[in-house]
1. Which of (1) buried (at least 18 other Cβ atoms within 10 Å of the Cβ); (2) modelled with pLDDT under 95; (3) part of a helix (DSSP H, G or I) does residue 68 not meet, given it meets every other one?
2. Looking at the range 31-40, can you tell me whether even one residue there is in contact with a helix residue (DSSP H, G or I) (Cβ under 6 Å, 6 or more places away or on another chain) and touching a residue at least 24 places away in the same chain (Cβ under 8 Å)?
3. What's the total number of residues in the range 79-106 that are under 15 Å from residue 45 (Cα atoms) and outside any loop (DSSP other than H, G, I, E, B)?
4. Could you grab the pairs with beta carbons closer than 6 Å, sequence gap of 6+ or different chains, first residue in the range 11-26 and at negative phi and exposed (fewer than 14 other Cβ atoms within 10 Å of the Cβ), second one outside any loop (DSSP other than H, G, I, E, B) and modelled with pLDDT of 85 or more?
5. Is there a residue in the range 44-59 that is part of a helix (DSSP H, G or I), over 9 Å from the mean Cα position of the chain (by Cα) and either without any contact (Cβ under 8 Å) to a residue 40 or more places away in the chain or within 19 Å of residue 24 (Cβ to Cβ) (or both)?
6. Can you tell me which of (1) touching a strand residue (DSSP E or B) at 6+ places or on another chain (Cβ under 7 Å); (2) closer than 15 Å to residue 95 by Cα is the one residue 51 doesn't meet?
7. Being surrounded by 16 or more Cβ atoms within 10 Å (Cβ to Cβ) and over 17 Å from residue 27 (Cα atoms) is the filter here, so list the residues in the range 71-106 that pass it.
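The values are calculated or read from the model by the stated rules, or taken from the named source; none is laboratory data. From a predicted model like this one, the values you see are computed outputs, not experimental measurements. Please note: Cβ atoms are built from the backbone with ideal geometry, for glycine as well, and neighbour counts cover all protein chains shown.
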């Protein structure tokens, strides 16, 4: 018999964020407002991840911005976030946040 996953037990993206913020790092705020800012950062990382691997820039706010992380690093950071893992690679997302002037701690 094949067991189907129960959708009631699947964590939402916000729940994954809270677990990651609470148990693995103190570098991102443990609030819904912080989560919304972090989602914006994930969109920027997604833009970097979808850019050309040999490009040194990505499009942000209608301007070309020099990448602080490579395409591969951006994709790894996103994978880590989706899996709720915070490590040295994931922490590089803070470089991108700083670069675009996003204050995650406010």
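1. Single failed check for residue 68: (3).
2. First, the residues of the range 31-40 that are in contact with a helix residue (DSSP H, G or I) (Cβ under 6 Å, 6 or more places away or on another chain): 35.
With touching a residue at least 24 places away in the same chain (Cβ under 8 Å) added as a condition, the list becomes none.
Checking the range 31-40: not a single residue is in contact with a helix residue (DSSP H, G or I) (Cβ under 6 Å, 6 or more places away or on another chain) and touching a residue at least 24 places away in the same chain (Cβ under 8 Å).
3. 14
4. Once the first residue is at negative phi and exposed (fewer than 14 other Cβ atoms within 10 Å of the Cβ) and sits in the range 11-26, its partners that are outside any loop (DSSP other than H, G, I, E, B) and modelled with pLDDT of 85 or more give 14/35.
5. Taking the range 44-59 and keeping what is part of a helix (DSSP H, G or I), we get 44-49.
Next, only the ones that are over 9 Å from the mean Cα position of the chain (by Cα) stay: 47-49.
Next, only the ones that are either without any contact (Cβ under 8 Å) to a residue 40 or more places away in the chain or within 19 Å of residue 24 (Cβ to Cβ) (or both) stay: 47, 49.
Yes - at least one qualifying residue is present in the range 44-59.
6. (2)
7. 71, 73, 74, 75, 76
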